[in-house]
1. Using the Kirkwood formula on the Cα atoms of region 1-54, what hydrodynamic radius do you get, in angstrom to one decimal?
2. Give, in nm to one decimal, the length gained when the segment between Gln39 and Ala74 is fully stretched (0.36 nm per residue of separation minus the Cα-Cα distance).
3. State the antiparallel share, in %, of DSSP beta bridges confined to the chain, rounding to the nearest 5.
4. First compute the accessible area of the chain with a 1.4 Å probe, then give the percent of it belonging to carbon and sulfur atoms.
5. Lysine pairs in the chain with alpha-carbon atoms under 15 Å apart, 8 or more places apart or on different chains: how many are there?
6. State in Å² the accessible area per residue of the chain; use a 1.4 Å probe, count heavy atoms of protein chains only, and round to the nearest integer.
7. Taking a point 7 angstrom from the Cα of Ile100 along the C-beta vector, which residues in region 1-19 have backbone N less than 20 Å away?
8. At 7 Å along Cα-to-Cβ for each site, give me the label-to-label distance between Asn55 and Lys86 in nm.
Amino acid sequence: QVQLVESGGGLVQPGESLKLACAASGFTFKYYHMTWYRQAPGKQRELVARINNENITTYADSVKGRFTISRENAKNKTILQMNSLKPEDTAMYFCNAVWINFVYWGRGTQVTVSS
């Protein structure tokens, strides 16, 4: 059974940090390109950061220099380290895995940045 389970969300103040994790199971993790997306209320889902199966990373302009994506193939896990959080980072964050025509999604973890 394929599963992507996100964790690490919560309520933080502006300028603080959070570390999101996505635990994968049921598929060969090392082959997959892993992406974090987010969706704020009333807005479209947007790409936040991606790490492909060769560890090449890409970021949305809005998070460059603040967020870092990484992966641990031995643990079937991908991490999103989020620093210097802003209120506009408030959203549900989703983990996504893609390889050829196989696409999997997690259920998301809520991140709220508010003073």
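The values are calculated or read from the model by the stated rules, or taken from the named source; none is laboratory data. Being a predicted model, the structure only gives us computed values, none of them experimental. No Cβ is skipped: glycine too gets one built from the backbone with ideal geometry, and neighbour counts run over all protein chains shown. What goes into the accessible areas is simple: the full protein's heavy atoms, side chains included, and nothing from ligands, DNA or RNA. Shrake-Rupley method; radii C 1.70, N 1.55, O 1.52, S 1.80 Å.
1. Numbers: mean 1/r = 0.0755 Å⁻¹.
One over the average 1/r among Cα pairs gives 13.2 Å for region 1-54.
2. Working: separation 35, 0.36 × 35 = 12.60 nm, distance 2.89 nm.
The span from Gln39 to Ala74 would gain 9.7 nm if fully extended.
3. Numbers: 39 of 42 bridges.
Close to 95 percent.
4. On the way: 3010 of 6350 Å².
Using a 1.4 Å probe with all protein chains present, the chain comes out at 47 percent carbon and sulfur.
5. Working: Lys19/Lys77; Lys19/Lys86; Lys30/Lys75; Lys30/Lys77; Lys64/Lys86.
Lysine pairs satisfying the spacing and distance rule in the chain number 5.
6. Working: 6350 Å² over 115 residues.
Heavy-atom accessible area per residue stands at 55 Å².
7. 1-3
8. If labels sit at Asn55 and Lys86, their model points lie 3.0 nm apart.
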